[in-house]
Amino acid sequence: MKAIMLREVRQFFNGRILLLLFGCCLFGFTERRDTSLSYEQFILNMIAEHYYLTYFMIPVFLLFTYKSLEEDMDYVLIRSRYYWKYFLAKASGFFINIIGFVGFQFVAIMLVGIGLQKDNSFSLIKNHFSGSEELFIEYAKYFHTPLFASSVAAIYMVVGLTVLFIVFLLLHHFLEKKIVLIVMITLYFFMTLGIKVPGLNRIPFFFMDNYIILHHNFTENGKIVMSLISMLLLLIVAAILVKYFWRKRLTWAIKVQGKGITFYYARYLFTKKNAAILLVILLFISLWRMINISFAENPNAEDFFLSMFYGHGVNEFHMLRFIEMLILNGGPLYLFAIFIESISNEQSLGLTIRLKYKRNWVRTILQITAVFITFYVVLMIGIGVVLCVMNNLSISGLTVFLIQLSILKFLDILFQFFVFLILFTWKKNVTMAFLIVLATNGLSLFPVTWMIYFPTGLSSMARSSLILGQAGVTFQIGVLILGSCVLLQWAYIKFHGYKKVLGG
């Protein structure tokens, strides 16, 4: 037990702790400059600083936690005799680490604040207006002095971070490490979304800031009790699972029963890894778009979907918008590129004989691709609908609008895939074909009026009549252009391009 605890502590306190201290001191000196707070008030302000905790300390904690997750060593388990003892030793070791994690920051803040006037009260709030006033007013309702409030906030932080580590350690025991990473990223984005959208973080378990930042529980009566009960329930569930079900392993494999070439190839594209990649991409961009429109006056669901599918316009350049468009369209194309390369490299004589005709191979690939693009577009719309419902944005009356968005996005991605497939049949170079397709998205940057009708990226709302009025592309024209291009590409591949697919 003791050896395991000491090992956890030694692994934790390495060069990474300097990153934490550097960021803490840098932010502390920035806050200290031109401040009129007292020494004690400055400490409270720093230990409860929203931006520092959300955008620096918590990501660093998640990084430390992820690095601390490792596979259970057999000889250590044998020496521990019982798995729950081994788990308890690791959790205890990390509890010590968390005390140091928070304690080092507390000491660093105290050192940075040296030289400020001493006043361990909230009295200055009456005569001083600052961005911290609202925070201090809330703490003054529950605590008599800032120093006592700082101590309680730090203790609460230690408890919350320890509970979160135990949860992640438990998940790592039952799941793969990469799945735990996805959970961490998802919870972090939920947390940032909950901070931006009032009332959303009332849902227990999904918003970890409630377990770390004390004053986030001051927004409603009884919320602190709910957070404490939630942490207690998490610990109880963890104890039961570790004690009685530690031999079990959770698997996320989706077994699709089917025969034939289509199912044989589908297993290359429909994988857990690919689904996780698409989910992370869509969650990230959807949450980012939701946060952006939350600052607008009276936002609605249509505003969100227009922002989500905005893409990039013609004869202009906005870096972030352009990158978002490349990620949304390039994500599935990248997976297609890997898919095509994998199945091309695995061609065998037996499989070729079973196909009988090269045209069968192409038809199979197109079927799988169409289903995958449909899945991607439905997932994109579905995540958007869920976020709108969670934020009380009504989607009534948007059915036709969402169908139109889905059709345009489906045809846009399918068109780009066909371009990729045709280039691949010509040159047999996956990387070159993928990069050329991505580069075609940049053609809209040229200052040519007719480029608004260029097929690549035509699903962008930035080119639509909804944004540009009469100068934009209507839904009917967009479908006509993309549909015609897709039919021409399909005809070429079906009657001629398929001959080059398998090296013919």
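The values are calculated or read from the model by the stated rules, or taken from the named source; none is laboratory data. Bear in mind the structure is a predicted one, so any value in this text is a computation, not a measurement. Cβ coordinates were reconstructed from backbone atoms using ideal geometry, including for glycine residues, and neighbour counts include every protein chain displayed.
Brief remarks follow.
- Selected residue (criterion: modelled with the lowest pLDDT) from residues of segment 375-418 that are loosely packed, with under 14 Cβ neighbours inside 10 Å and part of a helix (DSSP H, G or I): V389
- Out of L161, L193, L181, one residue alone is over 23 Å from A275 (Cα atoms), buried (at least 16 other Cβ atoms within 10 Å of the Cβ) and either in contact (Cβ under 8 Å) with a residue 24 or more places away in the chain or outside the structural domain of F64 (by TED's automatic domain parsing) (or both). It is L161.
- Condition met for L18 (aliphatic (A, V, I, L, M), at pLDDT 70 or above and either more than 23 Å from L235 (Cα to Cα) or crowded, with 18+ Cβ neighbours inside 10 Å (or both)): yes
- Residues satisfying the stated conditions in segment 480-504, i.e. buried (at least 16 other Cβ atoms within 10 Å of the Cβ) and modelled with pLDDT of 85 or more: I481, L482, C485, V486, Q489
- Answer residue from segment 441-456, given it is surrounded by 18 or more Cβ atoms within 10 Å (Cβ to Cβ) and under 29 Å from the mean Cα position of the chain (by Cα) and is modelled with the highest pLDDT among those: T456
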